[in-house]
Structure formats: C-alpha cells, structure tokens
1. If you check A:Thr49 against the conditions, is it surrounded by 15 or more Cβ atoms within 10 Å (Cβ to Cβ), closer than 21 Å to B:His305 by Cα and touching a Gly at 6+ places or on another chain (Cβ under 7 Å)?
2. Just one of (1) among the acidic types (Asp, Glu); (2) in contact (Cβ under 8 Å) with a residue 40 or more places away in the chain; (3) within 12 Å of chain A (Cβ to nearest Cβ); (4) open to solvent by 30 Å² or more (accessible area, probe 1.4 Å) trips up B:Asp140, so point out which.
3. Find the residue count for region B:168-187, including only residues that are within 14 Å of another protein chain (Cβ to nearest Cβ) and among the acidic types (Asp, Glu).
4. Among the numbered criteria (1) within 30 Å of B:Gly124 (Cα to Cα); (2) surrounded by fewer than 17 Cβ atoms within 10 Å (Cβ to Cβ), which one does B:Gly212 miss?
5. Kindly list, by first and then second residue, each pair from a residue in region A:106-121 that is over 21 Å from A:Glu36 (Cα atoms) and in contact (Cβ under 8 Å) with a residue 60 or more places away in the chain to a residue that is not in a helix (DSSP H, G or I) and not polar (S, T, N, Q), limited to pairs with Cβ atoms under 6 Å and residues at least 6 apart or on different chains.
6. For the condition more than 28 Å from B:Arg355 (Cα to Cα), open to solvent by 20 Å² or more (accessible area, probe 1.4 Å), in contact (Cβ under 8 Å) with a residue 60 or more places away in the chain and outside any loop (DSSP other than H, G, I, E, B), what is the one hit in B:Glu265, B:Glu235, B:Glu242?
7. Considering only region B:355-399, how many residues are open to solvent by 50 Å² or more (accessible area, probe 1.4 Å), within 11 Å of chain A (Cβ to nearest Cβ) and modelled with pLDDT under 90?
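The values are calculated or read from the model by the stated rules, or taken from the named source; none is laboratory data. Given the structure is predicted, the values throughout are model-derived calculations rather than measurements. Glycine gets a Cβ as well: all are built from the backbone with ideal geometry, and neighbour counts include every protein chain shown. Surface areas here come from the heavy atoms of the whole protein model, side chains and all, with no ligands, DNA or RNA. Shrake-Rupley method; radii C 1.70, N 1.55, O 1.52, S 1.80 Å.
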Amino acid sequence: MAWEYSEKTKQLFMDAVHGKPGTHLGEIENPDGFGEHGSIACGDALRFTFRVKRHPTDPMKDVIVEARYLTFGCTSAIAASEALCTLIEQGGYTPIEALKVQNRDIVEFLGGLPEQKIHCSVMGAEALEAAVFDWARKRGVDLERLGVDIHADEQEEGRIVCKCFSLSEPYLKRKIKELNLRTIPEITNAVKAGGACMSCHHVPGGLQDILDQTWGKEKDRSQIMPAISEAGEGALTEDSSLSPYLFAKQVERAVDEYIRPMLQRDGGDLEIIDIKNALIYCRLAGACAGCAGAAQTLKTIVEQTLKEVVDDRIRIIEV
Amino acid sequence: MRTIYADNNATTRIAPEVYQAMIPFFTENYFNPSSMYEPAQNTAVAVARAREGIAGYLGVNDPKQILFTSCATESNNTAILGAAKANPNRRHIITTAVEHPAVLEVCKDLQRNGYEVTFLPVDGDGNLDVRAFVRALRADTLLVTIMHANNETGVIFPIKQLSRLAKETDPSIIFHTDATQSVGKLPIDLGEDYRHVDLLSFSGHKLHAPKGIGALFFRRGTRCRPFMIGGHQEEGRRAGTENVPYIVGLAKALALAMENHEEQETRIRQLRDHLQQALEQKIPHAQVTGKAAPRLANTLNISCHYVEGEGMLYQLSAHGICASSGSACTSGSLEPSHVLKAMNVPFAAVHGSVRFSFSRYNTQEDIDHIIEVFPGIVANLRKLSPYWDNTSNMPQPNAEDLLQRNR
C-alpha cells in the first residue's frame, strides 16, 4: 500500500522521529492529565499527558500549558499525536474546552488522512478525553454535573462485539453516532472494529446489526450462506475384516513382539505415525533414523513381518 | 538518491536481456500464433520454443504440460477450483495456515461452499509437522495444496516428501504446489524427485520477467477442469490468445536464473547472512523469523520489538531503501501477517516485522547501506514508544509481558 499522506503528515512524522525542537515527544512527570488509548496488541497505542497552569481557587479556570505524547504506531499515528499536542497547546484551552477538539480537527490539521488511517486521529481524541477525565478526577471536578458524557463503565459493562480489538456494543454505538459511520468499512477505518478477523460483520448482534439499529435497516442486504459440511469418512483402501481398533492393536502387538526387538539390537526403533486401514505410516527412529537403507528396512523387515503376522494387504508408507 | 531495492519477494526488476528478447514480439512479430499465414508461424514457433525451454528447466519431458496464464494467482485459482470441479465426489482439501492469499482465500471460498478444509499449522520456526499432514489425509481428500517456499519468511516446505506421502496413500489425491517464490531459486525436477507433484504454479515477475505472465505445470492425466474456457489454446486447458512477448520473456528469465545459479545463490546467501548478523548484533530485542528452518537464501524477516513496521518502512524509504512489513498498518487490512501469527510470533513483534528480500542485482554496497541506517531508524522509533524506557535504553519493565501476551 503506497503512502498517500499529506506533506504536513510526513513533515510532522519526520520532525518527531528526529526529535526536532518544538515537537512534543515525551511524557510529563506527575501530569495533571494522563490518558491512554490502544494497546501494543492492537498495533497502535498512545499515551497522552498534559500539565495545566492551576487557578488558585477555581479548577475550572485551569489552562493547559504543555502536552506530550508517546506513541507506538504507524507514520500517521505519530503525526496525529504531534497534531493533537500542537492543537491543545496552541489553543490555550481549559481542559473542558479541550474536549471540543475532535478527531476531525486533527485530520484537518494534518491536511487530511487516508480513509483507512482515520482511526489514528480517533485514537488522539480518545486519549485526550481520557486525560481530561483524569484531570477532573484529580481536581475534584464533577464532569457529569457539567453535562459531560463520561461513558461510565462503557468498556466494562458492555457486550464485546469486536473481540480482536475488545470493543463493546455501547462504545461502538456511541462512536457510530458521534462520527456518523454508515457502513462497516467506515466503522473499521474509524475505530478498527471488524478490521481483523471480520467475524463480527454479519453475525447476529454484529456490526451490521448495530448499524441497522442505529440508522434503520437497509434493503437487499445479502444473507450469509450457512456453511454446510457433508464430507463423510470412509475407507481409504480395501475394507479390513477387523474393526480399525482391533486392527491397530494387532499391528502394535506385532511391532512390539517381532519388529522392535530386531531394530533395537542395532540401537534403532520404529515410530508409528498413523494407521489408516491397511496403510501404516511409520519411520525408523533411534540409531536407524536417517539411515540410507531405511526404505529397504521398512519394506523388507517391517512390511513383510506385518503382512505375515497381521494381514497381507498391509502397506508401509515411510514418513 | 540511489534506490536500494530489497523487496524482491514482492516483485523484481526486469532483466535487460528479457526486455530485449521481448521487443521483436511487440514490433514486427505481432501475429496471432493461431493464424495460418507464414509470418504467424514465427510467433507460434517462438511460443513453442519458450514452452520447451521452461519444460526443460523444470524436468518436464512433454512441454505441452506447461500452460501459460496471466499470473500465479490465476494458476492457483485454476489448480484449486479446477481440481474441485473435476472431482465432485470428494470434499476435503488440505492446505496450510501460511499460504499466500491466492491459495488461502480460494480454499476458504470452497469452505464456504461446503468443502471441508484442513489448515495445517506450523511451529515457531515455520516448519510443518509431517505427522499432522499424514493424519489429515482422508478417504475423501481431493486436493493437497501446499506452497513450496513462503513469501514472507522464505521457509521451505518438504514438497518432495509431502507429495510422495499423498500419492502413496491414494494416487487419486491431486497434489498442487504454489512455487511462485521457489522457481528459479530452488532446483525443481518434475520428472525425478518432484514426480509426485501434479500441478505447480509460478509467475514471471518474481524472477525478472514482467508482471502479467504466469505458468501452471499440469501433469498429463490430472483430473482438473479448465478455469478459462472459450478457445482451443493450450489444448483447451486455458483459453485466450497467447501473450507472446511475455511468454518469450518468461522463458528468457528462467534461462537467466538457471545460468550460474549456484554461484548467484551463494553470493545472495552471503549478503543476506551478513545483513542478518549485523542487524542481530546492532538491534537489541529483535528476532529473525524462520531462522532455524530451511529457508530461501534471499529472504530476511526480522521483527523489532516495541516499534511499528510502517514507521520503519517510511524512514527506510526516505533513505531510498525499499522493503516490506507484516505489520497491520501496511497490510491493507488491520490484521497483521497471518504467516507470522501462525508461527506464534508475539503479536507486538509481528507489528514490528520488516522483510528484506534480495536478488542477483543486489550488492554488498546495498547491504552496507541498510546496516548503516536501519538500526538508527529502530532506535528513533523506540524513543517515541510508550513501551520503551529511554533512560535505561531498555523496554519498560512491564513491556515484556505485553509482548508475550496474545489477544
């Protein structure tokens, strides 16, 4: 996949990896706000921290003066982190005002993002939100009373829809509305849900069902064909008069009584890998393993003995 | 800036000799090889010669068993779907978890249509368990389709042994191998040690011929229906006017690959091994995937922990170095490499994988340049990573656990 990044995105990424002055790489010690989003298993993760200039009496008048990030992720994830910190610092926002910075502001700042990379900007907005919630907790600000939706326990209590990225139904419902996501690819691009194993796309309670619940059902959606399994088991070769179990027992006994003692005299052994009717899959082990005459030994000693003792239809296959 | 091309498992540069050999068939020899007039006979002869040449290099005595297609994906589709169509009484297919999508997705499609498919697992080195293969063989097994060499890791599967086991069990089982990464790189003799293989796919653009030409070895008597119908070409087994210039190019490319083959392979292996050793030494917390398995001489797949592949590729590209990654961000989906996952490479390490793959056009200078810049690129990204502690220049204390954890 070729890079379709804007010049701004490429510039921010290169500045960041080369530690250019003015970039926001790092982590603030004892931050006033701390937020994380993503995980190493999901392929990208962002740790966002900010420091405020505290107002002596009213925490609502705290102003964010410094923002930093650490990011594990692709080019656009790192550029989006830079964009987030720049936007927040330049805005001179209070933390509550900072909540107004949305993923689309990050996209705009970057001069656009390829569709499949939109989730990088969403990750920035999520980490910012988490950091503001952290600030509120530390400063004793009751966000709910201020009318801020804090999606309490959303991840813990909701049913997990996308197992690959651990995304719950309430979270997905909220994001579908917030970001106006209309199709499964749009959901995947924005929050990654359904982007890996894809098994949550069309199952009951899956992404399409959630989309239908949110926006109303679309007509003519094709039904998923149920998997049919009709393959049967049967004989591989001619029928053996014994049951497979008894046949295998007899082979084992013959190997133990006649064949192993012969091979063990030379420090060798026989490993049976499988028995399918009259086909016996085996290989020489111990000192006989890798022996140039292995095929011959199997044919003359093992096959002949088993033919005589158990059944003359037996055929040895060297593994 | 000089381009260092180290992505030869994706595609290769067209050899100048191949290009030269093709030109007459774009200019004066443009005729349809099926036409009756005399000039057309020359193009028909060129196609026949190309077919003979390719057959010769693969140990095929009857050249008509080589079919020309448009790409390896078409060859794979033809082999798998054609075998299924021709053997309606059997419903079981054996393949592996690490196939190229051109095989894996076709098998999954058959699975959705009622076939039973066994996806054999691989171990941490990338090797198949031959015992598991034997146990998977069934009375209703219609097809075994297993790749020869893996495109991502270069790990080689024991096709000689596997095809023999399948045929000794039941000669009606069709054995197909996707040899896209191995033709021209590994010796293959379809008349001798590979005589149990019925169908073998490969393409031109992995061996310095252009994109748009593939081939399918089709052993006479194999029960397999054609995929493209509507013409008598290739004895009706693949309809469509022959792509004459590209067919000529493919034959020339294979001839070049076979010239000084051993010498070239040794040289490429030395380059790869040199790069591998240098990177292992200079980059802490990195692992080479498939290192302990039989492996193509040209492939190096290395996972750098705690960093993401796309950021590495982007910076490599800024230095003129072309490579690829199994990271989710470069796959076009959000799923990281299914091959590395099947090998139980930890999730986080898969995201930090980079594949370098070389050809006879690579030089020691290329390798030196990669060694010079790549460790710095990894270090730069680790500075940004929340899983890396910059003071000690080590992973964060809890990061090792995160790395080992799978979903």
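1. No; evaluated as a whole, the condition is false for this residue.
2. In the conditions (1) among the acidic types (Asp, Glu); (2) in contact (Cβ under 8 Å) with a residue 40 or more places away in the chain; (3) within 12 Å of chain A (Cβ to nearest Cβ); (4) open to solvent by 30 Å² or more (accessible area, probe 1.4 Å), B:Asp140 misses (4) alone.
3. Qualifying residue count for the region: 2.
4. Status for B:Gly212: all satisfied but (1).
5. If the second residue must be not in a helix (DSSP H, G or I) and not polar (S, T, N, Q), the pairs left are A:Pro114/A:Glu4.
6. Answer to the selection: B:Glu235.
7. Selection size over region B:355-399: 2.
Residues are listed down the side, and each one gets a yes or a no for (1) buried (at least 22 other Cβ atoms within 10 Å of the Cβ); (2) more than 7 Å from every other protein chain (Cβ to nearest Cβ); (3) more than 24 Å from A:Leu12 (Cβ to Cβ); (4) at pLDDT below 85:
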| residue | (1), (2), (3), (4) |
| --- | --- |
| B:Gly326 | yes, yes, yes, yes |
| B:Ser331 | no, yes, no, yes |
| B:Pro336 | yes, no, yes, yes |
| B:Leu340 | yes, yes, yes, no |
| B:Val350 | yes, yes, yes, no |
